[in-house]
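Quick notes on the structure that follows.
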Amino acid sequence: MTPATPRWSAAAYGLMAWPLAWMALPMHLQLGHFLTVTQGLALEEVGLLILLVRALEWIQDLALGLVMERAWLQGWGPGLAWGAAVLLAAGFAGLWWWPPASWVPSLAWVGACLLVAQCAHSVLTLLWWRWAHGQPAQVRLRWTSAR
């Protein structure tokens with residue numbers, strides 16, 4: 001027997017996968033090529049920068065998981081999600097549209113934007129998972145299939 005939940009809830013949960021993937025794929029697959037080939041940054045520097053940001057993300061996700069759980073239980077989830085969405089959009093846009101090189105060194109700009117975007121993406125992903133976690137097993141199964 002399936003618990004009674006609105007039909008739109010599975011669609012809403014499934015649709016959240018789209019913008020998260022839309023942001024993650026370019027950051028993980030296309031950014032290195034864009035920075036080295038199009039923008040002329042050194043491959044070694046770009047590789048090290050991406051490695052450092054990803055390593056920091058791995059560490060921060062552990063702490064963010066605890067923070068997001070507490071925030072969810074205190075009802076801060078929607079506000080955090082909106083804030084993280086704005087930061088993700090800003091960080092993502094900054095990766096592809098740069099200020100003049102005389103304002104900020106290119107690698108510093110990319111590092112800051114990538115760090116902001118990755119952190120915001122992690123917050124949104126953790127909140128998204130927590131949203132499903134609070135549902136009964138049958139609902140989680142239906143929601144996961146909607147992704």
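Miscellaneous remarks
- If you filter segment 40-85 down to residues that are touching a Ser or Thr at 6+ places or on another chain (Cβ under 7 Å) and over 18 Å from HIS121 (Cα atoms), you find that the one that is modelled with the lowest pLDDT is LEU41.
- Looking at LEU48, LEU35, LEU56, just one residue is open to solvent by 50 Å² or more (accessible area, probe 1.4 Å), aliphatic (A, V, I, L, M) and either without any contact (Cβ under 8 Å) to a residue 40 or more places away in the chain or within 18 Å of ALA93 (Cβ to Cβ) (or both), and that residue is LEU48.
- Segment 82-112 - residue that is in contact (Cβ under 8 Å) with a residue 40 or more places away in the chain and open to solvent by less than 30 Å² (accessible area, probe 1.4 Å) and, of those, farthest from THR36 (Cα to Cα): ALA84
- Among the numbered conditions (1) at pLDDT 85 or above; (2) surrounded by 14 or more Cβ atoms within 10 Å (Cβ to Cβ), the only one that PRO26 does not meet is (1).
The values are calculated or read from the model by the stated rules, or taken from the named source; none is laboratory data. Please read these numbers as outputs of a predicted model, since none were measured by experiment. Heads up, the Cβs are rebuilt from the backbone with ideal geometry, glycines too, and the neighbour counts pull from every protein chain shown. Heavy atoms of the whole protein, side chains included, go into the accessibility calculation; ligands, DNA and RNA do not. Shrake-Rupley method; radii C 1.70, N 1.55, O 1.52, S 1.80 Å.
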